């Protein structure tokens, strides 16, 4: 090749530039730099949890306001500010201590936790390969692997016959699911697809994606779309309805039963009420929750699916949190009915223990995603196998490689161990809370999330016997104590439990403030959870409880 | 802490599980595994470009169909399939060879290219810290740094006074921009904000985000929204209009001038025509392009901004590609007028040379993003500094740490070297193409993208003298040759130039097929580009040209 090409004339300015570019592009500046980088990378890659414990501070008490003062400069310096190794050293020694050690087993407040050390290796490889799965020309086999791992998870959810998967796993015309940035864009994609499928082209009307909502409603004689979901639905569903032009007010909350699951009778009644109130209201979708963000509860997915099928409503399941429970033989029954859904959201960066950020959405019907198809001249051409044709995202990293490798490394049993540990430890934690007179369990864990509050036994008893005014006022005091308690514990920096609010007695006009624990870190055990409760008890006794009214 | 807590009773099954969990969670299984991992990680982190050259194949000729056959299994194995080190070795030795070496200097077809080796180190650190910037409680200082780097890029674009930035850089009430997954979600966010700002709450109407498009149009007496952009606008703008319920048909293409820039007179005329045709059509936004995906051209941003301001139209600039040109003192004038825009998209994974995937969107008015504000009980509470309050994304990785560090390592001058190299090399490449009788330059590079086609001189001359029928038929033949040529070169695996289509003679009813080169890899020099042309010439001479009609 190119045997006949003359050698290029040397370009003086480019050569001069080249050396400088090469310095930052290709390798560390010098042996010292290299040694520094090797030291840190080895610690991170082969001693991840020790590294995080040593370098990443939840023990850091400096206030946000103080911290912010160090980050006020907004000019970009012309010359490099520091040598590469110094920037990295600074990141590790000056930034990390003020970040949050989400991997600490004492950090049980959110759905972000420790990840297996090998996930960092996998992310490193994905970054190094820098494939862009929007199109085959920048990913090739990686697009093929993505289709395979999507089929694996689809099968975990829907469990169709082998023939179905052989027909679709590498089919370039059909799509079983897509990777997204996270649960929000996964839920958005599901509702986008449901919207477009409902308002498909007919007669003169070329479809909602083409002509927009106003024209679609007119073509179909509709003046409003609604989406039904329990009060506990994640706020991304409201956001999605807002983005899609449906309006977030049109996410209609359906009452829950005493176990915080959607009430099937209430769902049926809501459908009847809406249908009888206006024939021009379209019920676009219903959303079932498999692992509510705030309580970890699971809606009755089977009965919801049956209701939806009877009424021709797209049934989406938000299993962003709970989805991987399907990998546990012991607990997968908790998600029974998910296989009857039309679409399912599952996050990779939650219970698949992948690094931030990775979501996914799956569709029962491999052709349903056709309603969001886009083409361009330079990529995603008709007939190509480019994954970007049916996807909210454009350019996108190959998170699928991480999930595919992780499934091979862990096996479903490996993930099941993590899932089972979380569920069993949460149950034990609930028992511990119930056994302590100063605490009240608010929501029993179904999966691995529970809520409780500090509420001394005497006040628990008073709440049972007092009249409504007094009850409301006591609850209000207890809310204040729990708010303070959560903040003081977070600021002390040893451990972290989050807080949220749940529906309280409507007569009080104030919700219940509760503490929320998410047990996903396999290093979180009962010894640690007892310590967390002890600390809360101590804080409350010293700072919060003395102001409580006598009862 | 926890001095009074009794030691937990040993839990037999959890202890038994623990060892297994620890095995995959904490560290490599054994010394052999560790040694294997160290070997690969060292190659990746400290010899990235050699590693990619050696392991990642663009020389791989196996067809997609053949490859796919190896990725048909869709069951998730119960037991781990392989030891960790074997999975990683397999990823590197069996997967990578069939991926695409986008870092090769011979890969000049797309906007995905080589990245500086240190970017992989930074991505590794970000994955290890696993911060979630949706909320302060899982990111702390990282949220503060994100605000700072956003202010730096805002300043690069809008260049307001120091006082403005001191007031906003760490202001928890205002927002200068947001990180997104990529350019598509950045453009979507910009139009979402424009839509919501236009249809704000008034009287009984609580706003479009709340009540949806149908109610909004009614409240404002509108029956259609349109977005104006040149024919070269990226397809993500049409997709965004589709998602937002505006309808992708309502992205109205405006004619371009002979330099592929939007024609300002045509823009004015389109506005007048729409306004006179229907007072109920709302012109929501106009989009200027700073680095068109297909030609690299830049719209006349200043004049566009003036037109938009006069007509009260949101002016968005899609600078996903061209944005970082602002870092070059020599070439930033090419984007003059961008500072008059209302919002700007810039991608991190393009000319900031970050790994996949990172986009950003900036807003002139720090309060404009208030129209997409969302809250939840457990995070993003009113008054909190959580970055997730005004963002399309929910959970999200800390790509801001990578950009912030890269700016410090490179300085604006370091980036300017890359930008300048691309623009200058593209200009030299254009000269080379013009000097070769078998090629025709189709679009002259403004930034670092150009298009050309194989078209022997005799045919070029014939195209000038022949009648229209003959011209169309010749062009059609040349289109075929260029399609084949591009495919054959890609399949040969030495180098990669992409292809797209540009508007041809309307009378022919067929667009122009062109070859497209994107010069962003600093290792791509004129020697390599000449080799690529030589190879094309050889391929054409052997396989494509013999069928060309005699002229």
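Every number here is computed from the coordinates shown, using simple stated rules; none is lab data. As the structure is a prediction and not an experimental result, all values here were calculated from the model. We place every Cβ from the backbone using ideal geometry, glycine too, and count neighbours over all the protein chains shown.
A few remarks follow.
- All C-alpha to C-alpha distances of the stretch A:131-396, sorted into 5 Å bins beginning at zero, yield P(r) values of 1, 6, 13, 17, 19, 17, 13, 8, 4, 1, 0 percent in whole numbers.
- FRET efficiency estimate (nearest 0.05) - Cβ-Cβ, residue B:273 to residue B:457, R0 45 angstrom: 0.60
- Label-to-label distance, residue B:266 versus residue B:466, with points set 7 angstrom from Cα along the beta-carbon direction: 2.7 nm.
- The order of the peptides B:334-347, B:284-297 by mean Cβ neighbours within 10 Å, most packed first, is B:284-297, B:334-347.
- Under 20 Å from the residue A:70 label point (7 Å along Cα→beta-carbon), backbone N, the stretch B:163-201: B:166, B:169-172
- 25 °C / 0.890 mPa s Stokes-Einstein diffusion coefficient of the stretch A:108-176, Kirkwood radius on C-alpha pairs, µm²/s: 171 µm²/s
- 15 Å tail of the calculated P(r), the stretch B:28-101, as % of Cα pairs: 64 percent
- Within the protein assembly as shown, antiparallel bridges make up roughly 55 percent of the DSSP beta bridges whose residues both belong there.
- Part-to-part distance (alpha-carbon centres) for the stretch B:128-195 and the stretch A:191-250, which is given in Å: 30 Å
- Remark: mean inter-chain Cβ contacts per residue of A:293-299 equal 1, using a 10 Å Cβ-Cβ cutoff to other protein chain atoms.
- Ranked by the mean number of other Cβ atoms within 10 Å of their residues, highest first, the peptides B:215-225, A:200-210 fall in the order B:215-225, A:200-210.
- Normalised contact order of the stretch B:131-396, rounded percent, pairs of Cα under 8 Å and 6 or more residues apart: 26 percent
- Applying 1/(1 + (r/R0)^6) with R0 = 56 Å to the Cβ-Cβ distance of residue B:257 and residue A:62 gives a FRET efficiency near 0.50.
- Measuring nothing but how far apart in sequence close Cα pairs (under 8 Å, 6+ apart) lie, relative to its length, chain B scores a relative contact order of 17 percent.
- Computed from label points 7 Å out along Cα-Cβ, the spacing between residue A:231 and residue A:204 is 4.6 nm.
- Residue B:333-residue B:162 FRET efficiency (beta carbon distance; Förster radius 25 Å; 0.05 resolution): 0.60
- Computed from the alpha carbon atoms alone, the convex hull of the stretch A:455-515 holds 74 Å³ per residue.
- Take each residue in B:62-70, count the other chain C-beta atoms within 10 Å of its C-beta, and the mean is 4.
- Axis proximity, chain B to A: residue whose C-beta lies nearest, plus whole-Å distance: B:245, 1
- Ranked from largest, the principal axis spans of the Cα set of the stretch A:274-380 equal 46, 44, 24 Å.
- Packing-based ranking, highest mean first, of B:524-532, A:97-105 given that Cβ atoms within 10 Å are counted: A:97-105, B:524-532
- Per-residue mean of C-beta atoms belonging to partner chains within 10 Å, peptide A:228-237: 2
- Kirkwood analysis of the Cα pair distances in chain B returns a hydrodynamic radius of 26.4 Å.
- Along principal axes, Cα extents of the stretch B:300-454, largest first, whole Å: 68, 41, 29
- Along each principal axis, Cα extent of the stretch B:57-131, largest first, Å: 38, 38, 19
- In the protein assembly as shown, inverting the average of 1/r over every pair of distinct C-alpha atoms gives 30.3 Å as the Kirkwood radius.
- Residues A:254, B:513, sorted so that the one with the fewest Cβ neighbours within 10 Å comes first: A:254, B:513
- Relative intensity of the stretch A:415-547 on a log10 scale, I(q)/I(0) at q = 0.11, 0.16, 0.22 Å⁻¹, equals -0.39, -0.80, -1.37, per a Debye sum over C-alpha point scatterers of equal strength in the absence of solvent.
- Cα convex hull of the stretch A:101-242, projected area averaged across orientations, nm²: 13.2 nm²
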